[in-house]
Structures are given as C-alpha cells and as structure tokens.
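The values are calculated or read from the model by the stated rules, or taken from the named source; none is laboratory data. Model, not experiment: these values are computed from the prediction. Positions of Cβ are backbone-derived with ideal geometry, glycine not excepted, and every protein chain shown enters the neighbour counts.
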Amino acid sequence: MGGFSPDWLALREPFDHAARNPQLLAAVGAQFAAKPSITVVDLGCGAGSNLRGTFSALPQRQHWTLVDYDERLLAAARERLTAWADEAREQGEELVLSKAGKALTVDFRKADLNKELEWVLGWQPDLVTAAALFDLASKRWIERFVAALASQRLPLYTVLTYDGRETWKPPHPADARMLAAFKHHQLTDKGFGPAAGPAATEIMAEAFRKTGFAVSTGDSPWLIEDGAGAFANALTAGIADAVRETGHLDAGTIADWLEARRQSSSGLVGHHDLWARPV
C-alpha cells in the first residue's frame with residue numbers, strides 16, 4: 001500500500017482533526033486516565049497526524065511507536081513532529097518531545113503489515129491506533145488483524161474509516177454515478193487484498209464483537225465549507241482520478257463534474273471512528 005504524498009496528508013490534517021468523534025476520543029481518554037504513562041503503536045502512521053490528534057486525551061507520559069512501510073512518510077513524520085512540539089530533541093533514533101504539558105517519546109519503525117503484523121502487535125502496547133487505514137484493507141486482513149489483537153487483549157482506537165457517504169452542494173447530475181464509480185474503485189486491491197471500502201467499520205465491529213470485545217462507533221465526517229479550497233480541490237481531483245481508472249464514466253462527464261465541484265459551496269464525506277476494548 002502506498003501513494004499518499006506528504007503534501008496531501010498535510011492538507012487533510014486539519015480536516016481529519018476537526019472530524020474526529022469527540023465522544024469516542026473522550027472514552028479512550030477515560031479508559032487510561034488513571035495511568036501515569038501509556039505505550040501506543042500507531043499503524044500506517046503517515047506523517048504523524050494521528051499522534052497529533054490523539055495525544056491530548058492520553059496520560060502525561062506517552063511512548064509512541066509510529067509504523068509505516070513508506071520511509072518517505074516516516075521521515076516526514078519525524079520532521080513534522082519536531083516542528084510541532086514545544087520542545088524536541090533526538091535521543092538515539094527516538095524523538096523526545098514536550099507538547100502542552102505532555103512528555104512524549106517517539107520511535108519510527110518501517111514494517112510491512114501484510115508480512116509483519118503479528119510481530120508488530122507482539123510489542124504489546126497499551127493501545128493500538130490507526131487513522132484512515134482499514135477501508136484500504138481486505139475483509140480477510142481485517143479479520144486476521146482483529147484475531148491478533150484479541151489473542152493479546154489489545155484495545156484499538158481507529159479514526160476516519162471511509163463509510164461511503166458523500167454529498168455536495170449544489171448538486172450535479174453526475175453525483176450519483178461519480179459516487180458509485182468511486183465506491184467501485186474503493187473495493188480494488190490497495191495492497192491488502194480486495195479492499196473492504198465503506199464496509200470496513202462494520203466488518204471490524206462484527207469481528208470484535210465475536211471475540212467478546214466491547215465496541216463503540218461514531219460519525220467523523222469531513223465537513224467541507226468556505227475556506228477549504230485547496231483541500232476540496234485536491235480531494236475532488238483525487239475522486240475524479242479514481243473514477244477515471246474505473247472506466248465507468250466518460251471523460252467529458254468527469255471533467256464537467258470536477259469543474260462543478262470547484263464551485264461547490266459545501267460538501268460532506270462520511271467516516272466512522274471505532275473504539276474496541278476487551279471486557
């Protein structure tokens with residue numbers, strides 16, 4: 001799996017953080033509130049956005065291990081976390097950060113989650129996290145992942161799993177066909193087998209329930225309004241590129257839709273967050 005540029009991740013980060021479901025984030029924080037410290041493994045970390053969006057809810061001392069297969073993104077994560085922190089220093093390969101009264105130590109690990117998943121989870125953190133990951137994975141991989149977590153009774157907090165909802169204002173005659181083609185593209189192999197796409201959250205929730213875990217889910221939509229021009233343009237261009245790859249719509253229809261979307265007054269792209277923990 002790959003293809004996510006640091007520039008795109010930077011554009012989407014403020015929208016990702018605004019979209020997080022506050023009730024689920026608070027529930028995760030409450031789970032660990034009595035602990036003075038916590039260890040976290042973040043899967044598919046990208047440029048470190050999930051750490052920046054989660055850290056404030058967690059205990060005062062945190063040790064994060066950021067995992068990605070893309071060395072370029074691991075380097076971007078190190079750079080952006082250093083710039084984001086109130087104070088930052090290197091300690092061997094680790095970053096030692098201070099931010100808003102929290103003390104964070106961060107490791108960066110390259111790993112292939114197809115081949116090395118059980119090894120990564122074998123580090124036995126207090127919490128496993130991920131963002132915008134599981135809609136890219138197959139049903140089979142998700143079930144393997146849940147089984148691996150359940151075998152070690154590891155909780156999972158994951159955010160921004162695409163759920164298939166998309167609305168734009170003003171509407172365009174091709175909206176429904178564009179969305180159908182995009183959903184078709186979502187089901188193609190992104191490196192973990194045929195992707196679960198919008199069904200991922202329900203597949204994961206059902207798998208966790210079968211293991212006896214408690215599961216909570218919540219809406220976390222991107223709300224695209226005035227001032228979101230650069231992000232909205234990049235997002236809709238990406239949707240158009242995906243639809244072109246399917247061959248389901250002609251070039252003229254896609255171009256007309258894309259031009260209309262550049263004039264959109266608002267939009268919504270649906271996601272779900274999920275919090276699963278052993279009971």
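Can you spot a residue in the stretch 182-189 that is touching a helix residue (DSSP H, G or I) at 6+ places or on another chain (Cβ under 7 Å) and under 26 Å from Leu25 (Cβ atoms)?
yes
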| Taking the stretch 83-102 as the region of interest, how many residues are surrounded by fewer than 16 Cβ atoms within 10 Å (Cβ to Cβ) and either within 14 Å of Ala10 (Cβ to Cβ) or out of contact with any Asp or Glu (no Cβ under 6 Å at 6 or more places or on another chain) (or both)? | 12
| message | Against the definition (modelled with pLDDT of 95 or more and touching a strand residue (DSSP E or B) at 6+ places or on another chain (Cβ under 6 Å)), how does Trp257 come out, yes or no? | response | no
| message | Suppose we keep only residues that are touching a residue at least 60 places away in the same chain (Cβ under 8 Å) and not in a helix (DSSP H, G or I) within the stretch 180-197. Which one would you say is nearest to Val279 (Cα to Cα)? | response | Ala196
| Do any strands (runs of 3 or more DSSP E) entirely within the stretch 198-279 hold 3 or more residues that are crowded, with 20+ Cβ neighbours inside 10 Å, and if so, which? | 266-277
| remark: Residue count, the stretch 58-79, condition more than 23 Å from Asp112 (Cβ to Cβ) and surrounded by 20 or more Cβ atoms within 10 Å (Cβ to Cβ), comes to 2
